[in-house]
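S.K.: First, the structure itself, so that you have it in front of you.
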Amino acid sequence: MTALAAPAPPETVESPEVLRRWRVGPLAIAGLVLAFYALGFVVHDYWFNAILIPFLIMALAGLGLNLLTGYAGQASLGTGAFMSVGAFATYNVLLRLPDLPLPVSLVIGGLFGALAGVIFGLPSLRIKGFYLTASTLAAQFFLPWLFNQYGWFSNYTTSGSISAPKLVFLGADLSTPLGRYLLTLTSVVILTWLAWNLVTSQVGRNWMAIRDMDTAAAVAGIPIAFNKLASFAISSFIIAIAGALWAFAYLGTVDARSFDLDRSFTVLFIIIIGGMGSIAGAFIGSAFVILVPILISNVSANLFAGAIDAGQSENLQKILFGALIVYFLIKEPNGLYALLLRARRRLALWPLKS
Amino acid sequence: MSFFLETLVGGLLAGVMYSLVAIGFVLIYKASGIFNFAQGSMVLFAALAFVTLREAGWDFVPALLVTLVVMVAGAIAIERFVLRALIGQSDLTLFMATLGLSFVIEGLAQLFMGASVHELNLGIDDIPIEVGPILVSQFDLLAAATAGALVISLSLFFNFTRIGISLRAIADDPLAAQSIGIRLPTLWRIVWGVAGLVALVAGLLWGARQGVQFSLTLVVLKALPVLIIGGFTSIGGAIVGGLLIGASESLAEIYLGDLLGGSVSTWFAYVVALAFLLIRPAGLFGDRAIERV
Amino acid sequence: AVPSVFSAAAEEAKQQYFPLATFRVGAYASSGIPVWAGEIDYFRYINEVEGGINGVKLFWDECETEWEVEKGVECYERVKAGKDGSPVPIFLPHGDPISKALTEKTVADKIPQITIAYGRTESIDGRVFPYSFPVLFSFWSEASSVINHIAEIEGGKEKLKGLKIATVYHDSPYGKETQVPLDFLAKTYGFENIQIPVPHPGNEQSAQWAKIRQLKPDYVFLRGWGVMTPVAIKTAAKTGFPVDHIIGGIWSGSEEDVRPAGAVGKGYKAVTPFPAGADFEILKKLKANIVDKGLSDLKDPKSFGSVYYNSGVIEAIISVEAIRKAQSKFGNRPVTGEEAQWGLENLKLDEARLKEIGADGLVQPLELSIKDHEGGGAGKILQWDGEKWNIVSNGWVRSDRELLLPLIYERAAAYAKEKGITPRPDVSN
Amino acid sequence: MNAPEPFLVVENVEAVYGQAILALRGVSLTLGEGGVVALLGANGAGKSTTLKAISNLIRAERGQVSQGTIRWRGRDILGRDPSALVSDGLVQVLEGRHVFPQLTVEQNLITGAYVRGLSKLRIADDLERIYAWFPRLKARRQSRAGLTSGGEQQMVAIGRALMTRPTLVLLDEPSMGLAPLIVEEIFEIVRQLNRDSGVSFLLAEQNANLALRYADHAYVLETGRVVASGAASELARRDEIKNIYLGGGSAAAAKPTRH
Amino acid sequence: MSEALLSIRDVSLSFKGIKALTAISFDVADGEICALIGPNGAGKSSLLNVINGVYRSDRGELTFAGKALRRPRPRLAARLGIGRTFQNNALFKRLTVLDNVLAGLTRKARASLLEHTFRVGRSASESRHFRELAEDTIAFLEIEAYRDWIVGQLPYGLQKRVELARALVSRPRLLLLDEPMAGMNHDEKQEISRFILDVNRDLKTTIVLIEHDIGVVMGLSDHVVVLDYGRKIGDGSPQEVRDNPDVVTAYLGTVH
Ligand SMILES: Nc1ncnc2c1ncn2[C@@H]1O[C@H](COP(=O)(O)OP(=O)(O)OP(=O)(O)O)[C@@H](O)[C@H]1O
Ligand SMILES: Nc1ncnc2c1ncn2[C@@H]1O[C@H](COP(=O)(O)OP(=O)(O)OP(=O)(O)O)[C@@H](O)[C@H]1O
Ligand SMILES: [Mg+2]
Ligand SMILES: [Mg+2]
């Protein structure tokens, strides 16, 4: 038995202790973060407004959902709703308590999201699988309805849409593209760090245990109810902050309808294509979802301009995007992150074995 | 009182229409444990193909048959290029694949058949008839009858043939199903083909009600709570769930709507469904998850 | 900083860039396709027949938005810097949510957005919303025109008293926009104002119409969106409500909205700033010079002269005229957004000018100013005869803009206060 | 090479999981028609993988045969649809009780007969045969299989496979979790089917003593390679093989005891 | 033999008409190894499930360490120090071996959610401490080589070991093992037997174990309880049970 030589472990999944032991990780990540900050000072408006900011915010939402779905195993279609809670709560805090510093308002918005998450997470104590997923739709339809229905939430504007009062922190105006980018990036960095702490700790491990087999988790002494609700709370906290950023740092103004079911799908899609149960996966998935359509559209705009009918070219793009999704899922069901890891390993072994 | 009755009957009839869409989901879920998000796109595609043929001058029956053939061909292609390659993957992965599929189907539909809005006339007048104190539409009655017939025949088909049990076997454990010779590809083609048929029926009836247009894909939103209540695996549950949702939604809109400011039916069905789940975690007729240690 | 760079560059550029944020796929493609065809056909007409605007030809790129906010924003960001040295004079967001998301961005970039018959009503006040132009017909004007049309049928505004008018609306910010003015008008004229919401997407309305059957209103004002309209008409017929007593709003008034309702749609009316029909002079010219020569962007010839096609033409006319106006001050060259803003705010299309363009009857007489980015405020009433729309109103039905404007200014001021905006002074000319 | 080719030939097969884990590194074995061959080896040696490579169920676990050939009755069966193989008479009993949890015990068994498309009557006969072997299943016939005990599930899995009326059975750890009486029973069934109906068996089994008692030929695997093979009776006698690869000698070998 | 650590009195359990357990009573003495044997479907696993609260018995009482277990729930049982392995491996499939074992330590965890989130307070020291415990157990069961493997990809036999490690790592007072040696060859069974003996001897862990290999049972256990059709048909020393004619006909047959 002990004579059995174990080959190198396949590294397709993020497991808390494996992550914790990353050696190159911190340095590389610090470098990456710095690079992102540096990027802020070299790129053009278009990059902030159309690519970097939405990419970061959707990655953040993906991160939040990944905690819930990828780590704790509770698939949710209520992401849009929790984003809307963040947006509307933050809006009201900014409006009604204008003296609070911006980060505090964001955190309060996140806390309301957490509260909503806990309330709508309660059914998870009894319901599992797609039934649970479908039941999160109750949140998805109820919360945006609430914000749309009662004018108080949008301060009785006729249009029902909310827009950010001036974004100021420590006297600096964060309403410029660069300001909004830095605000977003900083929020993302901090929340990612916290999420990282969580998933590499006993908490993350417990969530994953519940995900993989909840009876066994209970037998091992893991408090199931507490952890499920905690995962809903923390995930919704992050998602809510993403929602507030979406409203104020990206679009500038939103109404409840822009947090519809499609948004929930997009975020779910991000984590599945990026890699469930992987922090990097949320970023990779977000990049895919935000960048690929833009890429396709830019390429085809330059390639086929005039050659084929505009409408048909749009349809082809849509088909292509759908086909890409299916293709990548077939190629690597564990997401692009796993695909990258494998490619990296191949590359490392390259001269030796194909 | 008659107002109440009328609201109730209106709701019930609407509920049947929801069931019609829900059945498509049930079929595929039964067969593979997949929550098929592309069902809505299939409804659109079928209806669009049918009207396009009709507008090109085809007769009703040939148009119907050709559409059906197209849907079955589509089912075979889906099995070949998507499902087969994804055997044994997690539910969520499969779910997402169907989402990708829906992009493809919608894109294809619009690529070949355009994006215009079409009228679909099935030749049934939508004229109200008075039944006692209440008004009922002939069309709605027909729709209800169609849905009823469909449910009964499908239930019989799946409960009294080998296919039914084989499908449940596949959904339970595809590996084991293969190991004893159940042909996944064949069965998947059958089920997706039947789901295509159901999509066609739903597409025709919904299309006649609201026109054949992109928003046909949105009818799935009405089907989801129906599924939750009825259970993802029960065809009969789809009809019971549909009636329950239709009726409660309609009554809620009238009697709760004033209280809460209207539009409650956006979420009411989901909340009803959720309440049901808390009592029966697998819907009324769904299979309970089995976990033995 | 951006515009100054470009005004220099623009003087060298010979052509005017005019990006188009289209939606040719997705949920709203059926309306997008004819709209953009109308738009593009008119631009081609300007280029081919008139040799450009005072010799400055137009050229454009498309980017697809699928009518989604994020894609719209991305598109705007992609094109806003102009192309080949030619700046963007005007942006047409074509979508209520997109236009709202762009409200502040357009101010920062100094690019006017034209939002005909959508967008914030209070952006009529150009002192607070310098770069948003809800030209022609706001939702408030829409509501008021419908009431005035009913008054006409009934034989005068005093006859409105005691009438029951129900508004069946799409339950969204768009749908709710008319609640305030209707409330106000109901108080003014003494009719009963009933509001009935329909949740998105509105493919099932039995409860709403059961309620209408119970309340028995005299008229129904239908503010639908997408599939909600045909379903409403069908359900109305099913529940025995007379279809010719339903008056649709702008976005319930296209061929695409009624055709699916089939035979029961006959008699249904709608108010619109985009009259349907191919008899207008300019449409004849488009037919002769563009469509018949195979230059049209329109794939489905049936749509020529439809509400959506005409709306594209109308929007293009207004854009072109605004650029023309701007050229009158800044010179015959591609203009910047800031210059086009001036053009828009000083745009005046009287009967005479409209006749010259060939758009009399198609576009209502219009006069914009800093305080008034709407300028028109009238609509025509269409009635569906089972095949096509016919104009049944006697010319343009005017709204009670004088009554409503103060309310609008109040709301604009409140917005300014919330956002900490100092309104521009009204320095008309 | 005039002699007829053996019933089943596995030649130099390499198998990989997830394009990364090399589980078989060139396994070759043969099985004559009507033979009973045992595959032995420690945990992780590759027994299950060999069986799955033959039945082609390896595909469903994201694995694949990257090299080598597998022929059955003279035909190349590499990469064939597993269910097609079943209808030709090759069935595998998966390791680890793969029952259909939502179906009843009886429904589970009946699914095994579908591949033959038999009449209800014939199916009933076959069912009785299975019930005669495993009376325990008859008692639990209406229970959902997922709720039955571990051993009962194992019986269901074996019974279900036998319902296909196979000519070649790949049995993966049949004795796992079964009470001693039932283990004996299963091996008796193997012997009986083999003798009376000429069914061939390839069985992966941890209980080497038992397996060698019933098999006529055996292969020993270690880390994906065949390290020894021969007639079962001979292998059973070769102590060094037993000690090195099969863990311990005869049943009489020292057991850990208390005190 | 010392006094009873676990005493089971008159426990009955049924599922929709199926009597899984009928009036079962016996004691498990502190420090002993008690084997539970019986034909398939006799109710052995069900009994373990009742002991640690996965199933709720219809009737009967359980006493653990002198205290009555009124409403046993899995987590409560874990907190009291009852560890468990399962017949069908119930591992956390997508975690590594190490993380599976660490998860077994939850009942000892003290650091709060917030401490972990911000990496403050007890978070770091606890993680370090847990890591040591886990590594010890992994070394003890000789699976270091697989420490970073995803459990789902391990062969069955190794998975059983990991499960044992997970149950063992928190040093339970009572360890319930459901067929820990299924699917192993003779050597491997001996190895596991040795581990079990070591645990029992060195850590004074009381063990209840289900096993079908009668040779192992005889060699390992102090006390054997035999179930058949949900009833207890034998209870005594290994030798006594082996000589019990009921047991022979119901379970062993004539082979042994
Ligand atoms: N689904 C899988 N994915 C990845 N690796 C696998 C998979 N199944 C088996 N392996 C690996 O392949 C090798 C051989 O495993 P296999 O299951 O064939 O062994 P075995 O001899 O049947 O062992 P056991 O006696 O434990 O059943 C092992 O190293 C195992 O880790
Ligand atoms: N949750 C359940 N629902 C229904 N029946 C059950 C359930 N759990 C156990 N049973 C039944 O109770 C009986 C005892 O099962 P149990 O699993 O305890 O047997 P066991 O002695 O462990 O058998 P084995 O040796 O085969 O594992 C079996 O007939 C089984 O079908
Ligand atoms: Mg094996
Ligand atoms: Mg058991």
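S.K.: Enter the accessible area per residue of region A:2-349 (Å², integer; probe 1.4 Å; all protein chains in place).
M.R.: Dividing the accessible area of region A:2-349 by its residue count gives 33 Å².
S.K.: Which of B:ILE124, A:TYR150, C:ALA352 sits farthest toward the positive end of the charge dipole of the protein assembly as shown, with +1 on the Cβ of Lys and Arg and -1 on the Cβ of Asp and Glu?
M.R.: A:TYR150
S.K.: Given the options E:LEU114, E:LEU47, E:ASN244, identify the residue whose Cα lies farthest towards the positive end of the charge dipole of chain E (+1 on Cβ of Lys, Arg; -1 on Cβ of Asp, Glu).
M.R.: Checked the options; the winner is E:LEU114.
S.K.: Buried accessible area between B and D (1.4 Å probe, both chains summed, ligands and nucleic acids excluded), in Å² to the nearest 100?
M.R.: Using a 1.4 Å probe on protein heavy atoms, the buried area is about 2600 Å².
S.K.: Tell me what chain A gives for mean residue ellipticity at 222 nm when only DSSP H runs of n ≥ 4 count, each as -39,500 (n - 2.57), the sum divided by the residue total, rounded to 500 deg cm²/dmol.
M.R.: For chain A, the value works out to -22000 deg cm²/dmol.
S.K.: Still on this structure: Counting only protein heavy atoms and using a 1.4 Å probe, what share of the accessible area of the protein assembly as shown belongs to carbon plus sulfur, as a whole percent?
M.R.: After summing per-atom areas, the C and S share lands at 58 percent.
S.K.: Using only protein heavy atoms and a 1.4 Å probe, report how much of A:VAL18 is accessible, in Å² to the nearest 10.
M.R.: Roughly 50 Å² of A:VAL18 is accessible to a 1.4 Å probe.
S.K.: Right, next: Calculate, for region E:1-115, the solvent-accessible area per residue in square angstrom, rolling a 1.4 angstrom probe over the heavy atoms of the protein chains.
M.R.: 38 Å²
S.K.: Buried accessible area for the A:B pair, summed, 1.4 Å probe, in Å² rounded to 100?
M.R.: So the buried area, both faces added, is about 4000 Å².
S.K.: Quick check for me: using +1 on Lys/Arg Cβ and -1 on Asp/Glu Cβ, what's the dipole size of region E:92-171 about its Cα centre, in debye to the nearest 20? Show your work: numbers first, answer last.
M.R.: On the way: 14 positive and 10 negative charges, 63 e Å.
Magnitude of the dipole: close to 300 debye.
S.K.: How much accessible area per residue does chain C have, in Å², with a 1.4 Å probe?
M.R.: 31 Å²
S.K.: Given the convex hull of the Cα atoms of region E:92-171, what is a quarter of its surface area in nm²?
M.R.: 5.1 nm²
S.K.: Take the Cβ-Cβ distance between E:ARG231 and E:GLU144 as r, set R0 to 30 Å, and report the resulting FRET efficiency rounded to the nearest 0.05.
M.R.: Efficiency computed from Cβ-Cβ geometry: 0.10.
S.K.: Where in chain B are the DSSP H helices whose C-alpha atoms run 18 Å or more along the long axis and whose mean Kyte hydropathy is at least 0.5? It would help to have the intermediate numbers written out before the result.
M.R.: Working: long enough: B:2-32 (45 Å, 1.60); B:39-55 (24 Å, 1.14); B:60-78 (27 Å, 2.66); B:91-113 (32 Å, 1.47); B:138-159 (31 Å, 1.45); B:184-210 (37 Å, 1.19); B:235-255 (30 Å, 1.29); B:265-279 (22 Å, 2.11).
Sorted by number, the helices that extend far enough and score high enough are B:2-32, B:39-55, B:60-78, B:91-113, B:138-159, B:184-210, B:235-255, B:265-279.
S.K.: If you put +1 on each Lys and Arg Cβ and -1 on each Asp and Glu Cβ, how big is the dipole of the protein assembly as shown around its Cα centre, in Debye rounded to 20? Mind showing how you got there, number by number?
M.R.: Details: 148 positive and 148 negative charges, 617 e Å.
That gives the protein assembly as shown a dipole magnitude of about 2960 debye.
S.K.: Show me the helices of chain C, taken as full DSSP H stretches, that run 24 Å or more along their long axis by Cα and average 0.0 or above in Kyte-Doolittle hydropathy. Walk me through the numbers on the way to the answer.
M.R.: Values: long enough: C:29-48 (27 Å, -0.10); C:307-330 (34 Å, 0.30); C:401-419 (26 Å, -0.24).
Both cut-offs are met by C:307-330.
S.K.: Over the Cα atoms of the protein assembly as shown, what is the Rg over Rh ratio if Rh follows Kirkwood?
M.R.: Expressed as Rg/Rh, it is 1.02.
S.K.: With each run of n ≥ 4 DSSP H residues scored as -39500 (n - 2.57), what mean residue ellipticity at 222 nm is computed for chain B after dividing by its residue count and rounding to the nearest 500 deg cm²/dmol?
M.R.: Values: 12 runs with 208 residues, N = 293.
When only DSSP H runs of four or more count, the value is -24000 deg cm²/dmol.
S.K.: Would you mind checking the pairs E:LYS44/E:LYS67; A:LYS128/D:LYS138; C:LYS80/C:LYS302; C:LYS100/C:LYS285; C:LYS57/C:LYS285 and listing those with alpha carbons more than 26 angstrom apart? Write out the running numbers ahead of the final one.
M.R.: Working: E:LYS44/E:LYS67 23 Å; A:LYS128/D:LYS138 32 Å; C:LYS80/C:LYS302 34 Å; C:LYS100/C:LYS285 35 Å; C:LYS57/C:LYS285 18 Å.
Long pairs (Cα-Cα over 26 Å): A:LYS128/D:LYS138; C:LYS80/C:LYS302; C:LYS100/C:LYS285.
S.K.: Is there a quick way to get the dipole size of chain C? I mean about its Cα centre, with the Cβ of Lys and Arg at +1 and of Asp and Glu at -1; what is the value in debye to the nearest 20?
M.R.: Value, rounded to 20: 620 debye.
S.K.: Further question on the same structure: Leaving out ligands, DNA and RNA, calculate the buried accessible area for the pair E and D with a 1.4 Å probe, summed over both sides, in Å² to the nearest 100.
M.R.: By this definition, chains E and D bury close to 2900 Å².
S.K.: Once Lys and Arg get +1 and Asp and Glu get -1 on their Cβ, which of A:PHE112, A:SER201, A:LEU34 lies farthest toward the positive end of the dipole of region A:2-349?
M.R.: So the residue we want is A:SER201.
S.K.: Can you put E:LYS108, C:LYS329, C:LYS355 in order of accessible area, largest first, using a 1.4 Å probe?
M.R.: Result, largest first: C:LYS355, C:LYS329, E:LYS108.
S.K.: R0 = 22 Å: FRET efficiency of A:LEU32 with B:ALA85, Cβ-based, nearest 0.05?
M.R.: After rounding, the FRET efficiency stands at 0.05.
S.K.: So which GluC sites (Glu not before Pro) in region E:1-81 end up in coil per DSSP with only 14 or fewer other C-beta atoms within 10 Å?
M.R.: The qualifying sites are E:GLU3.
S.K.: Still on this structure, I have one more. For labels at D:ALA84 and D:ARG141 in the simple 7 Å Cα→Cβ model, what's the distance in nm?
M.R.: About 3.6 nm, to one decimal.
S.K.: Select from region B:164-182 all residues whose loss of accessible area on going from the chain by itself to the full protein assembly reaches 30 Å² or more (probe 1.4 Å).
M.R.: Those residues are B:ILE165, B:ARG168, B:ALA169, B:ASP172, B:ASP173, B:LEU175, B:ALA176, B:GLN178, B:SER179, B:ILE180, B:GLY181.
S.K.: Taking amide H atoms as placed 1.01 Å from N in the peptide plane, list the residues 5 or more away in sequence, or in a different chain, whose amide H sits under 5 Å from that of D:GLY230.
M.R.: Residues meeting the criterion, in which the H sits 1.01 Å from N, are D:ALA218.
S.K.: Follow-up. What do you get for Rg/Rh of region A:2-349 when both radii come from the Cα atoms and Rh is the Kirkwood radius?
M.R.: Dividing the radius of gyration by the Kirkwood radius yields 0.98.
S.K.: Could you work out which residue, out of C:ASN47, C:ASN394, C:ASN193, moves most in a Gaussian network model of chain C, that is, has the largest mean-square fluctuation with Cα springs under 10 Å?
M.R.: C:ASN394
S.K.: For peptide B:127-134, how many partner chain Cβ atoms fall within 10 Å of a residue's Cβ, on average?
M.R.: Mean partner shielding for this stretch: 1.
S.K.: Quick one: which residues, 5+ away or cross-chain, put their amide H under 5 Å from the amide H of B:ASP126? H built at 1.01 Å from N.
M.R.: Those qualifying (amide H under 5 Å, at least 5 residues apart or on another chain) number zero.
S.K.: If you don't mind, there's one more thing I want to ask. What does the C-alpha gyration tensor say about the overall shape of chain B? Classify as rounded when a/c is under 1.5, otherwise prolate if a/b is larger than b/c, or oblate.
M.R.: Values: a/c = 1.83, a/b = 1.20, b/c = 1.52.
Oblate.
S.K.: Scan chain A and hand back the longest stretch that contains none of the trypsin sites (Lys or Arg not before Pro) lying in DSSP loops with at most 10 other Cβ atoms within 10 Å.
M.R.: For trypsin sites (Lys or Arg not before Pro) (loop position, at most 10 other Cβ atoms within 10 Å), the longest site-free span of chain A is A:24-352.
S.K.: Kindly write out, for region C:357-368 in residue order, the coupling ³J(HN,Hα) from the Karplus curve 6.51 cos²θ - 1.76 cosθ + 1.60 (θ = phi - 60°), rounded to whole Hz, with x marking Gly and Pro.
M.R.: Karplus-based 3J(HN,Hα) across region C:357-368 equals 6, x, 10, 5, x, 8, 10, 7, x, 9, 9, 9 Hz.
S.K.: At 7 Å along Cα-to-Cβ for each site, give me the label-to-label distance between E:SER14 and B:ASP59 in nm.
M.R.: With each label point 7 Å from Cα toward Cβ, the separation is 6.6 nm.
S.K.: Using only protein heavy atoms and a 1.4 Å probe, report how much of B:VAL70 is accessible, in Å² to the nearest 10.
M.R.: Approximately 60 Å² for this residue.
S.K.: Another one. Which order do the peptides C:77-89, D:38-50 come out in when sorted by mean C-beta neighbours inside 10 angstrom, highest first?
M.R.: The peptides rank, most packed first, as D:38-50, C:77-89.
S.K.: Could you pull out every residue, at least 5 positions away or on a different chain, whose amide H is within less than 5 Å of the one on C:PHE221? Hs are placed 1.01 Å off N in the peptide plane, and Pro or chain starts have none.
M.R.: Long-range HN contacts for C:PHE221: C:ALA166, C:THR167, C:VAL168, C:ILE247.
S.K.: Taking 2.2 N^0.38 Å as the expected size of a compact globular protein, what ratio does the Cα radius of gyration of region C:120-222 give against it, to two decimals? Don't skip to the answer; put the middle values down first.
M.R.: Working: Rg = 15.0 Å, N = 103, 2.2 N^0.38 = 12.8 Å.
My calculation over the Cα atoms of region C:120-222 gives 1.17.
S.K.: Taking every residue in A:46-53, how many Cβ atoms of other protein chains lie within 10 Å of its Cβ, on average? The partial results should precede the final answer.
M.R.: Details: counts 7, 1, 1, 7, 9, 3, 0, 1.
Other-chain Cβ atoms within 10 Å of each residue's Cβ, averaged: 4.
S.K.: Assuming a ≥ b ≥ c are the square roots of the Cα gyration tensor eigenvalues, decide whether chain D counts as rounded (a/c under 1.5), prolate (otherwise, with a/b larger than b/c) or oblate.
M.R.: Because a/c hits 1.5 or more and a/b fails to exceed b/c, chain D counts as oblate.
S.K.: Using a 10 Å cut-off on Cβ to Cβ distances, tally the other chain neighbours for every residue of A:287-296 and report the average as a whole number.
M.R.: Average per residue, whole number: 1.
S.K.: Now, a different point. Ranked from highest to lowest mean number of other Cβ atoms within 10 Å per residue, what is the order of the peptides B:198-205, C:48-55, E:8-15?
M.R.: B:198-205, E:8-15, C:48-55
S.K.: With labels modelled as points extended 7 Å from the Cα through the Cβ direction, what inter-label distance (nm, one decimal) is found for B:PHE112 paired with E:ARG128?
M.R.: The two pseudo-label positions are separated by 6.7 nm.
The values are calculated or read from the model by the stated rules, or taken from the named source; none is laboratory data. Just so we're clear, the structure is a prediction, and the values are computed from it rather than from any experiment. Counting neighbours? That spans all protein chains shown, and the Cβs are built from the backbone with ideal geometry, glycine included. Calculation scope for accessible area: heavy atoms of the full protein, side chains included, ligands and nucleic acids excluded. Shrake-Rupley method; radii C 1.70, N 1.55, O 1.52, S 1.80 Å.
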